[in-house]
1. Need one number: nm distance between label points at residue 30 and residue 128, each 7 Å from Cα along Cα→Cβ, rounded to one decimal.
2. Between residue 40 and residue 90, how many nm apart are label points set 7 Å from Cα along the C-beta direction?
3. Got a sec? How would 116, 11 order by Cβ neighbour count within 10 Å, fewest to most?
Amino acid sequence: MESGKLSNTLTNSSLKKAQSTGLDCILFTEQQQQGETFGQRFTHAIASVFKMGYDNVITIGNDTPQLMPQHIKEAHLRLQQQQVTIGPSIDGGFYLLALSKHQFNAKVFEAFDWQTNKVFRQVHHNLTPSQQTSHEQHIHCLPAFYDLDQQSTIKKILAQLGTAYKSIMACLQALLTEKNTILQYLQNGLDTDFTSPFYNKGSPINTL
């Protein structure tokens with residue numbers, strides 16, 4: 001199996017899920033991303049959407065196949081209630097982040113310890129409403145999922161997926177029989193993205 005096939009399959013699946021919600025979708029490919037670090041590229045992608053005139057952003061990656069359209073819809077509903085939503089990854093990162101323009105500070109976001117097990121806690125702490133902003137509700141967390149960053153999580157993801165996504169399952173099954181070169185390729189996704197060794201983070205997808 002070619003490494004590019006897995007990356008494209010994951011990205012196309014995430015994009016289809018986002019599009020099925022009926023929300024506007026913007027895909028930031030590697031060619032469109034700007035910045036030397038993952039934090040810079042992720043921050044720039046969010047800032048670019050806000051500059052387009054949108055007031056809210058839901059950003060997802062391509063490395064959590066368990067993410068379903070209903071999770072995106074739930075995050076969208078929470079945003080209408082001025083509530084931040086985060087989908088935590090079991091490794092300490094996150095697979096979904098929904099926030100409003102006034103909650104976003106580019107300099108703060110760039111400074112987070114991206115690609116470490118600290119980033120979920122840092123983002124959660126930064127976006128937790130203060131007592132002075134009582135009109136905003138506390139952060140809503142979606143179910144915690146494994147993401148595709150280590151070979152040891154592939155079997156766990158396969159067990160959670162069931163048989164709903166055959167193309168993704170076929171790619172993941174192939175990973176179990178091939179060497180680590182494919183996961184090493186994915187590690188260079190958005191980091192050269194969101195995303196121990198084998199850190200798969202593809203192009204971020206923003207839904208508005």
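Please treat every number below as a calculation from the coordinates, not as lab data. Values in this document were obtained by computation on a predicted structure and should not be read as measured data. Neighbour counts run over all protein chains shown; Cβ positions are idealised from the backbone, glycine included.
1. 3.8
2. Calculated label separation equals 3.4 nm.
3. In order of increasing Cβ crowding within 10 Å: 116, 11.
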